[in-house]
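Each value in this text was obtained by applying a stated rule to the coordinates, not by laboratory testing. Here the structure is a predicted model, which is why all the values come from computation and not from measurement. Quick reminder, even Gly has a Cβ in these numbers, built from the backbone with ideal geometry, and neighbours come from all protein chains shown.
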Amino acid sequence: MTRNELLEVWEQTLHILEKKLNKHSFDTWLRSIKPLGCYNHRLIIEAPSHFSKSWLTDRYAPMIKNVFQGLSKQEIEVQFVLSGEIEDTPSPNKKTDKDNYEELNMTHLNPKYTFDSFVVGNSNRFAHAACLAVAELPAKAYNPLFIYGGVGLGKTHLMHAIGQYTLEHSNKKKVSYASSEQFTNELINSIRFDKTVEFRNKYRSMDILLVDDIQFLAGKESTQEEFFHTFNT
């Protein structure tokens, strides 16, 4: 999808959403947001703040997805980002320093979360060392590695750091980061759109698969089964 095509579909999407929502909600949350791009079936939209990113993701992402998919005839996922979270977003024909923004987009890694930027202390020293070992010897050291800890202690940071380190030191490795919610949603959509083969090929071809908040797979038997088969491939 070209930039002009994206903007055209986006304007149509906003027009439909404006009719579905009350004026205050639409003006407050949707009128001013703009898409940064649509890569690998992922519609990336910039949010003005952390709060709005969370609110838009929870309240409006499904609605935007349904309308945009209906207009574009493409299966997509909606991702809200803050300014700087995805750096140097290119046009579809422009390449990054690594000659692949698409790879970065597919990994969903935050370039700011690296081992160098992680603050090591007594409470997280072992976790840091274990993650570094995984990054240096994928599929050999601590496979699988399960990181457990409280909220805000750096679990997600370490997961991103594993992926960043691996890509920097071995550009032939395939890395993908996903939340358990994203994994579940992609599985559901793959069944809905009869694309289970593509779903399995995507995740089972990875050298390193990083799944965040895996505890949310509890109670989702079908997703657990698919994840089990993916992990054991």
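Observations on the structure shown:
- For the stretch 1-65, the set of trypsin sites (Lys or Arg not before Pro) satisfying both a DSSP loop assignment and a count of at most 14 other C-beta atoms within 10 Å is given as 31.
- Residue exposure sequence - 173, 34 - by fewest surrounding Cβ within 10 Å: 34, 173
- Cα-Cα over 18 Å, subset of 20/65; 65/112; 172/202; 73/195: 65/112
- Extension gain, residue 57-residue 11: 0.36 nm per intervening residue step, less the Cα-Cα distance, totals 14.6 nm.
- Helix axis angle, 221-231 relative to the chain longest principal axis, alpha carbon, degrees: 50
- Of all DSSP-defined beta bridges confined to the chain, some 30% are antiparallel rather than parallel.
- Overall, the anisotropy analysis places the stretch 3-82 in the oblate class: the square-rooted eigenvalues a ≥ b ≥ c of its C-alpha gyration tensor yield a/c not less than 1.5, with a/b not exceeding b/c.
- Cα centroid separation - the stretch 184-217 against the stretch 3-43, whole Å: 26
- ³J(HN,Hα) computed for each position of the stretch 17-22 - Karplus, 6.51 cos²θ - 1.76 cosθ + 1.60, integer Hz, glycine/proline x: 5, 4, 6, 7, 10, 6
- Built from the Cα atoms of the chain, the convex hull projects on average onto 13.7 nm², one quarter of its surface area.
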